[in-house]
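The structure under discussion appears below in the form of structure tokens.
The values are calculated or read from the model by the stated rules, or taken from the named source; none is laboratory data. Because the structure is predicted, anything quoted here is derived from the model rather than measured. Cβ atoms come from the backbone with ideal geometry, glycine included; neighbour counts cover every protein chain shown.
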Amino acid sequence: MLRFETAGESHGECLVATLTGLPAGVPVSIAAIDRELWRRQQGFGRGGRMKIETDHAHIVSGIRHSHTIGSPIAILIENKDWKNWTEALPVEDIDGAEDHKKPVTRPRPGHADLAGAIKYNFHDARYILERASARETAGRVAVGALAKAFLVEFGIGVLSHVIAVGEAKLERPATWEELVALSQRDEVLLGCVDAEAEQRMKAVVDQAYKTGDTVGGVFEVVARGVPPGLGSHIAWDTRLDGRLAQAIVSMQAVKGVEVGYAAEGAAAFGSKVQDTIHYSREKHEFTRGANRAGGLEGGMTNGQEVLVRGMLKPISTLRRPLESVDLETRDAALAAYERSDIAVVPAAGVIGEAMVALVLASAMIEKFGGDSLAETRRNYQGYLEQVKNF
Ligand SMILES: Cc1cc2nc3c(=O)[nH]c(=O)nc-3n(C[C@H](O)[C@H](O)[C@H](O)COP(=O)(O)O)c2cc1C
């Protein structure tokens, strides 16, 4: 079983991520992890915080001589902004701490502030937003990069792109080659493969900037090279579509998930939706008429590309704040504002990749086992042989 956990607050000293269960012998490059962390920080519409941080994975256990050794992997990611918060959020209380606090008493509609303050019994939402913040996802992306390094050993790639920002949509499918080129760009605008659609998306973010508003959108994650048979139909919690959905909706601000062309399918007749089955006698393999199912049938991968989309609501911190109530006085007040992102869809795509990679790596390890990469590979190849001779 592959397990990961993250700890850390937005303005704490650092983020911590642990990953347990990767076999020994997986090659790991810190530069590759840092590249994923960099990709998470990009996109037109990010706030000032991303200009302060240059994320770097500081690995403290589980990797030696650039390979996993089978023990739990622990990664630290420093928060450069911490130096501005040592008095506001000290670990041990200090004299006069009250004067340095940066309380948030006017909860932002849509953020975790009010629900968290009530639940944890604070009349200040500071401790809540510190952890609810998507800064946490730097930890997910770091361990997701390790899951990707494992998957690459089996020829599996996981990439993403942005298919909508507000009402501006990409109106055509993207090819895998376009996604590869997108992931290699050193300047990221809105993570869309089509320059014209990307400009329309930019215009929406520009409008949000001008009006003190925010905007959401949709990203798509594509996993290529996935073998048939990951996940299982036998129980609710072994179905891979359900596990992917949970992984995607667990992301901050993601409120909807789509496997394959789910929304289109729900509005069409079955004859137009199901992917017809064919057989190539020369290649001894089954082929499909299309991939509207997003590579998943019966909670199992079917050998086609896995397609999962995440729908992000607009960011809830608005420069022109919405109505709220002061937690202390209970008087009507405008919601708190602090430096914030305007649009984060490309970054969410990168986080989505990490989540999909972690779920797929976990399903691979469950199916093929192995304490070392060589053992996992042997088991995997035996299975591929079985599939070939089916
Ligand atoms: C990459 C990313 C960056 C985010 N940045 C911000 C931000 O700057 N300000 C903000 O209010 N919310 C931001 N959010 C969203 C909040 O973290 C999220 O809305 C909040 O934790 C409440 O959770 P919920 O929206 O899932 O209900 C971001 C989300 C993502 C995925």
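Can you pull out the residues in the stretch 47-70 that are surrounded by 16 or more Cβ atoms within 10 Å (Cβ to Cβ), charged (D, E, K, R) and either farther than 30 Å from L318 by Cα or modelled with pLDDT under 95 (or both)?
If the condition is that a residue be surrounded by 16 or more Cβ atoms within 10 Å (Cβ to Cβ), charged (D, E, K, R) and either farther than 30 Å from L318 by Cα or modelled with pLDDT under 95 (or both), then R49, E53 are the ones that fit.
Each row is one residue, and each column tells you yes or no for (1) closer than 25 Å to E53 by Cβ; (2) part of a helix (DSSP H, G or I); (3) in contact (Cβ under 8 Å) with a residue 60 or more places away in the chain; (4) within 26 Å of the chain's Cα centre (by Cα).
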| residue | (1), (2), (3), (4) |
| --- | --- |
| D95 | no, no, no, no |
| D99 | no, yes, no, no |
| P109 | no, no, yes, yes |
| A115 | no, yes, no, yes |
| I118 | no, yes, no, no |
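With away from the ligand (no atom under 16 Å from the Cβ), of a type in the set (A, V, I, L, M, F, W, C), free of Cβ contacts under 8 Å to residues at least 60 places away in the same chain and more than 30 Å from P173 (Cβ to Cβ) as the only criterion, which of A293, A332 stands out?
After applying the criteria, what remains is A332.
Looking only at the stretch 327-349, decide whether some residue is part of a helix (DSSP H, G or I), among the polar types (S, T, N, Q) and surrounded by fewer than 24 Cβ atoms within 10 Å (Cβ to Cβ).
Within the stretch 327-349, none of the residues are part of a helix (DSSP H, G or I), among the polar types (S, T, N, Q) and surrounded by fewer than 24 Cβ atoms within 10 Å (Cβ to Cβ).
Cβ-Cβ under 7 Å, sequence separation 6+ or interchain: first residue in the stretch 131-159 and closer than 20 Å to G295 by Cα, partner in a helix (DSSP H, G or I) and within 13 Å of the ligand (Cβ to nearest atom). Which pairs?
Qualifying pairs under 7 Å: V158/E353; L159/E353.
Only residues that are more than 29 Å from L358 (Cα to Cα) and in a strand (DSSP E or B): list them for the stretch 272-320, please.
I277, H278, Y279, S280
Restricting the stretch 201-258 to residues that are of a type in the set (K, R) and away from the ligand (no atom under 16 Å from the Cβ), which is surrounded by the fewest Cβ atoms within 10 Å (Cβ to Cβ)?
Checking each candidate, the answer is K210.
Does G310 satisfy the criteria of being buried (at least 18 other Cβ atoms within 10 Å of the Cβ), within 27 Å of the chain's Cα centre (by Cα), closer than 23 Å to V205 by Cα and among the small types (G, A, S)?
On the way: buried (at least 18 other Cβ atoms within 10 Å of the Cβ): yes; within 27 Å of the chain's Cα centre (by Cα): yes; closer than 23 Å to V205 by Cα: yes; among the small types (G, A, S): yes.
Against the criterion (buried (at least 18 other Cβ atoms within 10 Å of the Cβ), within 27 Å of the chain's Cα centre (by Cα), closer than 23 Å to V205 by Cα and among the small types (G, A, S)), G310 qualifies.
Could you check how many residues of the stretch 1-19 are over 18 Å from the mean Cα position of the chain (by Cα) and more than 22 Å from R378 (Cβ to Cβ)? Working first, answer last.
Within the stretch 1-19, the first condition is being over 18 Å from the mean Cα position of the chain (by Cα), and the residues that meet it are 1, 11-14.
Add one more test, that the residue is more than 22 Å from R378 (Cβ to Cβ), and what stays is 11-14.
The number of residues fulfilling the criteria is 4.
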